[in-house]
Amino acid sequence: MDESTALFPRNNLSRDDFDDWKRMNRTLSSLDVYGNTGYLLRTPAGADPVPARRVSDGFFRTLGVHMLLGRGFLPGEDQPGKPRIVVLSYGTWLKRFSGRTDLVGRE
């Protein structure tokens, strides 16, 4: 076991536990989570599997990341039942969408 594994165990964290930890946090300036996943991207040629990350609503703010176009997640947009929002990486935007700026706000 390396040092990072000992400090940050890789376990499944329930949504309820995360919400509790965030609510009870009195020490950290922010607390956010991420998880690896994948999705099927619909294309004119069919469905294409793509790797992805699911992140909590404050993830990009915690890292100090600013969007090149569009916006990051608003508070509460990561809650179950809310519409799904996508933030594309710069590489995905260029490779899969040819850097089109008209994608912002579209389904």
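The values are calculated or read from the model by the stated rules, or taken from the named source; none is laboratory data. Only a predicted model underlies this, so the values are computations on that prediction, with no experimental measurement involved. Glycine also receives a Cβ, built like all others from the backbone with ideal geometry; neighbour counts cover every protein chain displayed. Ligands, DNA and RNA are excluded from the accessible area calculation, which covers all protein heavy atoms including side chains. Shrake-Rupley method; radii C 1.70, N 1.55, O 1.52, S 1.80 Å.
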Open item on the list: Could you sort 24, 67 by their accessible area in this structure, using a 1.4 Å probe and putting the largest first?
Closed with: 24, 67
- [ ] Using a 1.4 Å probe and ignoring any ligands, DNA or RNA, find the accessible area of residue 13 and quote it in Å² to the nearest 10.
- [x] 70 Å²
Open item on the list: Classify region 8-73 from the C-alpha gyration tensor, please: rounded if a/c falls under 1.5, else prolate or oblate depending on whether a/b exceeds b/c.
Closed with: oblate
Task: Choice from 62, 27, 92 showing the highest fluctuation, given a GNM over the chain with Cα pairs closer than 10 Å - done: 27
Task: Neighbourhood charge, 14 Å Cβ-Cβ cut-off, centred on residue 65 and excluding it, Lys, Arg +1 and Asp, Glu -1 - done: +1
Task: Positive-pole candidate from 75, 63, 101, dipole of region 61-107, charges at beta carbon - done: 101
TODO: Rounded to the nearest 0.05, what FRET efficiency do residue 98 and residue 30 give with R0 = 25 Å and r taken as the Cβ-Cβ distance? Could you check?
DONE: 0.15
Open item on the list: Let's see if you can work this out: charge +1 on each Lys and Arg Cβ, -1 on each Asp and Glu Cβ, no other charges. What is the dipole magnitude of the chain about its Cα centre, in debye to the nearest 20?
Closed with: 380 debye
TODO: Any chance you could run the full-extension gain for residue 67 through residue 50? It's 0.36 nm times the residue separation minus the Cα-Cα distance, nm to one decimal.
DONE: 4.0 nm
TODO: Report the net charge of residues surrounding residue 29, where surrounding means a beta-carbon distance below 13 angstrom and charges are Lys +1, Arg +1, Asp -1, Glu -1.
DONE: +2
Task: Acute angle (nearest 10 degrees) that the helix 15-24 long axis makes with the longest principal axis of the chain, alpha-carbon atoms - done: 60 degrees
